[in-house]
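A.B. asks: Once you've had a glance at the structure underneath, I'll fire off some questions.
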Amino acid sequence: MESIRQLFRIGQGPSSSHTMGPMRAAQIFLKRIAEKPVKNATVILYGSLAATGKGHMTDKAIMEVFKEAEIPVEIEWQPKVFLPFHPNGLTFKAQDAEGNELDNWTVYSIGGGTLANEEFNELKTASVYDKSTIDEILEWCNDTGFSFWEYVEQCEGPSIKDFLAEVWEVMQDAVKRGLNTEGIMPGGLGLPRKALNYYVRSSPMSGSMRSRGLIYAYALAVAEENACGGKIVTAPTCGSCGVLPAVLYHLKTSHGVSDERIIRALETAGLFGNVVRTNASVSGAEVGCQGEIGVACAMAAAAACQLFGGTVSQIEYAAEMGLEHHLGLTCDPVCGLVQIPCIERNAFAAARAFDANSYANYTDGHHRVSFDQVVEVMKRTGHDLPSLYKETSEGGLAAKLTRRHNF
């Protein structure tokens, strides 16, 4: 299993698979053709990338890269063509002044900003972990007395703490920017930012009502920043980037949890997300939103449970519930934008992560369904979902609202 550095990617929103991935692919392609007499280029977007690419600013991300290289580029859209390797396929072509093809490269954005094709796979980089399931890691923890975060540090080395310190800074900055920004989000839906309103309205409240309002506000803040193309961290994706920061920021500001302990919680959260990424998928185009919001909820639940003093068994249980109770969740973004229902889902998943933590801490950690079993079911469920419910904007809310309001 690879490093959690590949899970937590710092970059611009609104989509890890539809914005970050294609932008990185364009940068790689430019290196391939750097020594060739390229006059112009063509990029063909297939399947989900084409179906929701405009809303995710896929074309703008690619064109920005080619603009810096001063190479004219044309984008072609093929939303009905699904290449067999993955729904998020794109082909780069380079031509010389006479129209001769100099290079042709097809690659796939498989989720979380990760790229792959038949020749390489960024998920299969140098192995950092000797175990790839939570059951194996949990057994090791019980045998040695170490916790999940300590396993991460033993495998990753001390430098992982510096990396996660930067990740945490970016997450906090996204919360703060989101709480101080108002206005209508881009894309044409006319959707106003709501994070500041939730934050203000929660201030005079007390107890659980105030706590819940703050959690909503923090999740909305980051999700809205992402929707506007702001700087965020994939956790595990751009579309679900508000869940984990909201939980951790709330624990820091309302419960006095130190940054050092939060970095340990990020290690644990990353471990659970990495297991899903290795054994299933975090791509909405491949398994639906259960692989994005569901996994984000599991990561946040594990982090929260650890910070509330949960045992390794309770932490595993909290993560299991966070994912289990999102099974079957479809990815149906209206107009292909990471706004409806994506932004609200971040807020609800953050709150659900706290619920999973609370539920797990009331138990001794023993339960019938393991996290790994839910990951397997999530993968199978995702593959059974019709393609129109996997980030194509042709089913569910996307189909209903687009037709009704002529978006």
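The values are calculated or read from the model by the stated rules, or taken from the named source; none is laboratory data. Remember, it's a predicted structure, so these values are computed and weren't measured experimentally. Cβ placement follows ideal geometry from the backbone for every residue including glycine, while neighbour counts extend to all protein chains displayed. To get the accessible areas, we keep the full protein, side chains included, count just its heavy atoms, and leave off ligands, DNA and RNA. Shrake-Rupley method; radii C 1.70, N 1.55, O 1.52, S 1.80 Å.
A.B. asks: Going by Cα centres, segment 297-331 and segment 9-35 are how many Å apart?
C.D. replies: For segment 297-331 versus segment 9-35, the Cα centre distance is 31 Å.
A.B. asks: So which GluC sites (Glu not before Pro) in segment 228-286 are both in a DSSP loop and have at most 16 other Cβ atoms within 10 Å of their Cβ? Before the final figure, lay out the partial values.
C.D. replies: Working: sites: E260, E267, E286; in loops: none.
Answer by residue number: there is no such site.
A.B. asks: I would also like to ask the following. Given the -39500 (n - 2.57) contribution per DSSP H run of 4+ residues, what per-residue ellipticity at 222 nm results for the chain, rounded to the nearest 500 deg cm²/dmol?
C.D. replies: -16000 deg cm²/dmol
A.B. asks: In addition: For segment 26-69, state which GluC sites (Glu not before Pro) are in a DSSP loop and have at most 15 other beta carbons lying within 10 Å of their beta carbon.
C.D. replies: Numbers: sites: E35, E64, E68; in loops: E35.
Hits after loop and neighbour filter: E35.
A.B. asks: With all protein chains present, calculate the accessible area of S127 using a 1.4 Å probe and round the result to the nearest 10 Å².
C.D. replies: Answer for S127: close to 90 Å² accessible.
A.B. asks: Moving to a separate point now. In degrees from 0 to 90, rounded to the nearest 10, what is the angle of the helix 342-361 Cα long axis to the longest principal axis of the chain?
C.D. replies: Between helix and principal axis, roughly 30 degrees.
A.B. asks: Can you classify segment 180-317 as rounded, prolate or oblate using the Cα gyration tensor, where a ≥ b ≥ c are the square roots of its eigenvalues, rounded means a/c under 1.5, and otherwise it's prolate if a/b beats b/c and oblate if not?
C.D. replies: Cα axes put segment 180-317 in the oblate bin.
A.B. asks: Mind listing the phi-derived Karplus ³J(HN,Hα) values for segment 34-49, rounded to whole Hz, using 6.51, -1.76 and 1.60 with θ = phi - 60°, and x for any glycine or proline?
C.D. replies: Once θ is set to phi - 60°, the couplings for segment 34-49 become 4, 9, 9, x, 7, 9, 7, 9, 10, 10, 9, 9, 10, x, 5, 4 Hz.
A.B. asks: Using the beta-carbon distance between L327 and E136 and R0 = 25 Å, what value does 1/(1 + (r/R0)^6) give for FRET efficiency, to the nearest 0.05?
C.D. replies: Once the sixth-power term is evaluated, E becomes 0.65.
A.B. asks: Hey, another quick one. Taking the Cα centre of segment 260-407 as origin, sum charge times position over the Cβ atoms of Lys and Arg (+1) and Asp and Glu (-1), and report the length of that vector in debye to the nearest 20. Walk me through the numbers before you get to the answer.
C.D. replies: Working: 12 positive and 16 negative charges, 75 e Å.
That gives segment 260-407 a dipole magnitude of about 360 debye.
A.B. asks: Which order do the peptides 115-123, 293-301 take when ranked by the mean count of other beta-carbon atoms within 10 Å per residue, highest first?
C.D. replies: Numbers: 115-123: 14.6, 293-301: 34.0.
Highest-to-lowest ranking by the protection proxy: 293-301, 115-123.
A.B. asks: Based on the alpha-carbon gyration tensor of segment 243-294 and its eigenvalue square roots a ≥ b ≥ c, which shape applies: rounded if a/c is under 1.5, prolate if not and a/b is larger than b/c, or oblate?
C.D. replies: Values: a/c = 5.31, a/b = 2.06, b/c = 2.58.
Taking the square roots of the gyration eigenvalues as a ≥ b ≥ c, segment 243-294 is oblate.
A.B. asks: In terms of solvent-accessible area of protein heavy atoms at a 1.4 angstrom probe, what is the ranking of I28, I75, I4, highest value first?
C.D. replies: Reading off the accessible areas and sorting them downward yields I28, I75, I4.
A.B. asks: When a/c is below 1.5 the answer is rounded, else prolate if a/b is larger than b/c, else oblate, so apply that to the chain with a ≥ b ≥ c taken from the square roots of the Cα gyration tensor eigenvalues.
C.D. replies: prolate
A.B. asks: For the pair V200/L397, report the inter-label distance in nm, with labels modelled 7 Å from Cα in the Cβ direction.
C.D. replies: Spacing of the two 7 Å Cα→Cβ label points: 2.4 nm.
A.B. asks: Do any trypsin sites (Lys or Arg not before Pro) in segment 15-82 lie in a loop, going by DSSP, with at most 13 other beta-carbon atoms within 10 Å of their beta carbon, and if so which?
C.D. replies: Sparse-neighbourhood loop trypsin sites (Lys or Arg not before Pro): K80.
A.B. asks: Give the separation of the Cα centroids, segment 110-180 to segment 59-78, in Å.
C.D. replies: 32 Å
A.B. asks: Once the Cβ-Cβ distance between R32 and E376 is put in as r, and R0 is 25 Å, what FRET efficiency do you end up with, to the nearest 0.05?
C.D. replies: 0.10
A.B. asks: Follow-up. Under a plain spin-label model, where a point goes 7 Å from the Cα along Cα-to-Cβ, how far apart in nm are V170 and K80?
C.D. replies: Label at V170, label at K80, 3.9 nm between them.
A.B. asks: Could you order the peptides 169-177, 346-354 from most to least packed, using the average number of other C-beta atoms within 10 Å per residue? Write out the running numbers ahead of the final one.
C.D. replies: Working: 169-177: 19.7, 346-354: 26.2.
Averaged packing, sorted descending, gives the order 346-354, 169-177.
A.B. asks: Under a Cβ-only charge scheme (Lys and Arg +1, Asp and Glu -1), can you give me the dipole magnitude of the chain about the Cα centre, in debye to the nearest 20?
C.D. replies: Using Cβ point charges on Lys, Arg, Asp and Glu, the chain gives about 1480 debye.
A.B. asks: Once both axes come from the Cα atoms, what is the angle between helix 396-405 and the longest principal axis of the chain, in degrees from 0 to 90, rounded to 10?
C.D. replies: The two axes meet at around 60 degrees.
A.B. asks: For segment 132-270, calculate the relative contact order in percent as a whole number, restricting contacts to Cα pairs under 8 Å that are 6 or more residues apart.
C.D. replies: 24 percent
A.B. asks: Among G145, L191, L45, which residue has its Cα furthest toward the positive end of the charge dipole of the chain, with +1 on Lys/Arg Cβ and -1 on Asp/Glu Cβ?
C.D. replies: Working it through, the farthest residue towards the positive pole turns out to be L191.
A.B. asks: Let me ask something else. Taking Cα atoms, how many degrees apart are the long axis of helix 259-279 and the longest axis of the chain, rounded to 10 and kept between 0 and 90?
C.D. replies: Taking Cα atoms only, the helix is inclined about 60 degrees.
A.B. asks: In the neighborhood of F146, defined by Cβ-to-Cβ distances under 13 Å, what is the net charge if each Lys or Arg adds +1 and each Asp or Glu adds -1? Walk me through the numbers on the way to the answer.
C.D. replies: Values: positive: K131, R264; negative: E139, D143, E150, E153, E267.
Residues near F146 contribute -3 overall.
A.B. asks: For H383 paired with E182, estimate the spin-label separation in nm (one decimal), with each label point 7 Å from Cα along the Cα-to-Cβ line.
C.D. replies: Using points 7 Å along Cα→Cβ, the separation is 5.0 nm.
A.B. asks: Please calculate the 1.4 Å probe accessible area of E101, with all protein chains present, and give it to the nearest 10 Å².
C.D. replies: E101 has an accessible surface of roughly 110 Å² with all protein chains in place.
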